[in-house]
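Participant: Just dropping this structure here.
The values are calculated or read from the model by the stated rules, or taken from the named source; none is laboratory data. This one's a predicted model, so the numbers in the text were calculated from it and none came from an experiment. Cβ placement follows ideal geometry from the backbone for every residue including glycine, while neighbour counts extend to all protein chains displayed.
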Amino acid sequence: MKSKQGSYTQRALLAGLIAASGILAASAYAVSSTTADDKPRCEARQLHQGETGRDDRRAANLAGLKEKLGLSAEQEAAWNTFAAATQHGARRSGMERQAMRGDLDKLSTPERLDRMLAMSELRRTHLVERVQAIKVLYAQLTPEQQRVFDAEAMPVPHRHGHHHPHHQS
């Protein structure tokens, strides 16, 4: 019976140490969640990475797709409409999003919900425009170009919390 009690004590001690280390890690994260200039780490990191990296990757991906499609002169207008409609111009920079969050804190709950609903409707409008531009381009592609577009242009939807392969180290 003593060996079971010793085993139970060891397991309880181990569980206590794990819980304590979790609390310590959480408190260390809370203390270090801001940078020296009092900006949250995620905002500071986003400012360092900048929006240009994403824009550069997007431009390179579009150029690569256009090359792979081998578009004819007749397809150029539809391509240009597609490229313009898929731009992320409506996205806000990190500082703009932070300012908007600060504005939301000043609103009442019904006002905040109305603002969130208006932003959702704006995002939907942009999505509808992108979808229409894609459909117009797709209709002008040859069957072989459509296969290339299907394989290259539209990323597979991802779930939140899962890392993209190019983000992993």
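Participant: Quick one: which of 91, 124 is within 26 Å of residue 62 (Cβ to Cβ), at pLDDT below 90 and within 17 Å of the chain's Cα centre (by Cα)?
Facilitator: Sole residue among the options that is within 26 Å of residue 62 (Cβ to Cβ), at pLDDT below 90 and within 17 Å of the chain's Cα centre (by Cα): 91.
Participant: Are there any pairs, at least 6 apart or on different chains, whose C-beta atoms fall under 8 Å, with the first in the stretch 129-150 and farther than 18 Å from residue 73 by Cβ and the second of a type in the set (Val, Ile, Thr) and modelled with pLDDT under 95, and if so, which?
Facilitator: 130/86; 133/81; 133/86; 134/86
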